[in-house]
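Every number in this text was worked out from the coordinates using simple rules, so none of it is lab data. The shown structure was predicted, so the numbers you read here are calculated from the model rather than taken from an experiment. No Cβ is skipped: glycine too gets one built from the backbone with ideal geometry, and neighbour counts run over all protein chains shown.
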Amino acid sequence: MITWLAGSLGHTLLGLCSTMGGFALFFRDFMYALFTTRLQITKLFSQMEQVGIGSLVIVALTGTFTGAVLALQSYIGFKRYGGTELIGPLIALSMTRELGPVITGLMVTGRAGSAMAAELGTMRITEQIDALVTLNINPLQYLVIPRILASTVIMPFLTVFSMACGIIGGYIVCIYSLGLNSQQYMEGIRKYLEFSDITSGLIKSAFFGLIISWVGCYKGYVASGGARGVGLSTTQSVVMGSILMLLANYFLTSLLF
Amino acid sequence: MIQLIDLHKRFGTGRWVTDGLNLEIPDGKMTAIIGRSGEGKSVLLKQMIGLIPPTSGAINVDGVDLITAPSAQKEKILQQFGYVFQFAALLDSLNILRNIGITLFEQGKSEEEVLPIVKEKLRLVNLSDDILDKNPSELSGGMRKRVGLARTLISQPKIILYDEPTTGLDPITTRIIHELMFDMQKKFNMTSVVISHDVEIFKYADRVALLHQGKIRYCGDAKTVWESDNPYLYQFIRGLPEGPMDAETAKH
């Protein structure tokens with residue numbers, strides 16, 4: 001029993017170390033390619049369009065409804081203590097410092113991170129990535145760099161959009177459903193929201209973009225085992241991307257607090 | 001000349017896919033490597049082009065060992081190689097023009113510059129220009145393989161490696177592909193290495209090597225394979241279920 005437990009633990013630890021090592025080496029190769037190869041601007045913009053424009057609707061929906069729900073939930077508490085004028089600042093601070101970046105990150109992980117893993121995974125198992133190598137085209141330059149850079153650059157823009165949608169969603173509920181004062185809502189936000197609240201959220205979101213695309217590209221790039229392997233890589237990219245993003249969220253929040 | 005010397009390869013702690021393999025591939029000739037499914041023929045080809053690193057041994061190209069050569073020198077040598085994949089490995093997201101001309105587009109050439117070169121390569125593989133705007137999924141298996149060959153020819157390789165180029169094709173298309181490979185080899189005096197299960201390849205190849213259990217069991221002139229009394233070759237080309245291959249496979 002003890003031998004079995006030790007064996008299982010050792011096997012799991014080895015697997016974890018191997019995955020982490022793989023991630024690190026992939027990132028090292030990415031950084032090397034980033035500084036030694038020509039940046040392909042057309043592909044970068046194409047990826048920014050795919051990650052950014054493609055995610056706008058889902059980011060708008062989740063942002064708006066998060067703000068709306070925050071308004072409803074906070075109204076109950078604030079009304080008891082006569083502090084409904086603080087609902088606006090609460091929504092704004094929550095959306096800019098935490099919920100905007102995190103919800104956008106989770107949405108982009110599910111939508112774009114998984115797409116990266118699936119696309120690169122399919123290219124791997126159908127030998128398209130090998131074909132690039134034999135044609136003297138660096139697959140990292142051609143496939144990975146545009147995706148990771150595009151996600152890192154576009155995430156703050158999506159997050160600003162999510163923050164705005166959340167504040168507007170909260171406004172709509174506060175004014176048209178709860179009957180609060182519009183001027184009070186906006187005035188509270190102006191009074192309590194600082195520029196650093198927005199920048200800390202945007203810094204976090206850029207890191208989230210990097211993590212999501214790094215995980216998605218890595219899991220796709222090393223995919224094996226046919227269609228099942230691609231499916232597994234896609235699932236793992238969403239799970240690992242979300243977990244790593246939430247871990248990074250804690251440490252970044254501690255740093256930027 | 002390409003020399004494979006004492007080449008060993010295994011994945012993890014698994015069996016040796018190449019187990020002390022030695023083979024010489026002469027310049028300007030077509031060498032066919034034959035063998036049963038799962039013998040590691042594709043792995044051997046991928047080791048030659050650097051897609052899979054060997055566990056040990058040497059791969060000499062014109063006297064330079066690709067395994068120990070500095071990366072710049074290795075890169076320069078590998079630029080002489082072309083590789084035609086088993087299922088063509090065309091990029092799904094690009095049309096045929098972009099697929100064939102990908103190396104030129106990546107060098108920063110414009111469509112006006114690339115188009116005539118691509119059309120010329122298409123003519124070489126007996127395909128018409130009207131497929132240029134199509135996607136790979138719209139082509140038949142045989143056409144995809146010819147497009148794959150055209151893409152490889154763009155970089156004017158001196159050595160071309162074919163990984164089972166006729167797998168899954170009907171006999172007529174198989175013959176067309178074989179004749180195309182033969183014509184390319186004669187026209188450009190290329191060194192060709194062909195992985196195949198198909199005994200029809202003997203009509204076009206100059207030399208034949210038989211891979212079994214990680215070693216080359218026979219290597220000789222393609223024109224005399226049917227007269228050979230090598231027991232491995234005799235069993236393989238006649239498709240006999242019993243013989244040395246069967247006995248050795250059972251041992252493993």
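Overview of results
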read-out: 12 Å reach of a label modelled at B:K186, 7 Å along Cα-to-Cβ, counting backbone N of the range B:144-179; value: B:179
read-out: Anisotropy class of the range A:1-138 from Cα gyration tensor, a/c 1.5 cut; value: oblate
read-out: Chain A - mean residue ellipticity at 222 nm from DSSP helices (-39,500 (n - 2.57) per run, n ≥ 4, rounded to 500); value: -27000 deg cm²/dmol
read-out: Selected from A:T152, A:T104, A:T36 as most flexible by GNM, with chain A as the system and alpha-carbon contacts under 10 Å; value: A:T36
read-out: Antiparallel bridge percentage (DSSP; both residues within chain B; nearest 5); value: 55 percent
read-out: Gyration tensor verdict on the range B:36-110 (Cα atoms; rounded if a/c is under 1.5, prolate if a/b is larger than b/c, oblate otherwise); value: oblate
read-out: Cα-based shape type of the protein assembly as shown, given that a ≥ b ≥ c are square roots of the gyration tensor eigenvalues and the cut on a/c is 1.5; value: prolate
read-out: Two-site FRET efficiency, B:D62 against B:R238, from Cβ-Cβ distance with R₀ of 45 Å, rounded to 0.05; value: 0.75
read-out: Over the range A:40-256, volume per residue of the alpha carbon convex hull, in Å³; value: 122 Å³
read-out: Top positive-direction residue, dipole computed over the range B:133-180 with Cβ charges, set B:S137, B:T166, B:V147; value: B:V147
read-out: Rounded FRET efficiency, nearest 0.05, which uses the C-beta distance separating A:L232 from A:F45 and R0 of 35 Å; value: 0.65
read-out: Beta bridge orientation in the protein assembly as shown: antiparallel %, DSSP, nearest 5; value: 55 percent
read-out: Kyte-Doolittle mean at least -0.5, axial Cα span of 20 Å or more - DSSP H helices of chain B; value: B:171-188
read-out: Unit charges on C-beta of K, R, D, E only; dipole of chain B, Debye; value: 200 debye
read-out: At R0 = 41 Å, FRET efficiency that the Cβ-Cβ distance of A:R80 and A:S18 yields, to 0.05; value: 0.15
read-out: Computed [θ] at 222 nm, deg cm²/dmol, chain B (DSSP H ≥ 4; -39,500 (n - 2.57); rounded to nearest 500); value: -10000 deg cm²/dmol
read-out: Set B:K46/B:K215; B:K41/B:K119; B:K46/B:K119; B:K145/B:K223; B:K41/B:K134; B:K158/B:K215 screened for pairs whose C-alpha atoms are more than 21 Å apart; value: B:K41/B:K119; B:K46/B:K119; B:K145/B:K223; B:K41/B:K134; B:K158/B:K215
read-out: Kyte-Doolittle mean at least 1.0, axial Cα span of 30 Å or more - DSSP H helices of chain A; value: A:2-36, A:54-80, A:145-172, A:226-256
read-out: Of B:S110, B:S37, B:S196, the one that fluctuates the most in a GNM where chain B has Cα springs shorter than 10 Å; value: B:S110
read-out: Partner aspartates and glutamates for B:K109 [C-alpha distance under 17 Å; skip if fewer than 8 residues away on the same chain]; value: B:E120
read-out: Rg(Cα)/(2.2 N^0.38 Å) for the range B:91-156, N = residue count; value: 0.98
read-out: Value of relative contact order over chain A, rounded to a whole percent, pairs C-alpha under 8 Å and six or more apart; value: 31 percent
read-out: Relative contact order of chain B, defined on C-alpha pairs under 8 angstrom at six or more residues apart (%); value: 26 percent
read-out: Share of Cα-Cα pairs in the range A:69-171 lying beyond 21 Å, as whole percent; value: 53 percent
read-out: Gaussian network model of chain A, springs between alpha carbon atoms under 10 Å - residue of A:T122, A:T159, A:T42 with greatest fluctuation; value: A:T42
read-out: Dipole magnitude of the range A:40-256 about its Cα centre (Cβ charges: Lys, Arg +1; Asp, Glu -1), debye to nearest 20; value: 220 debye
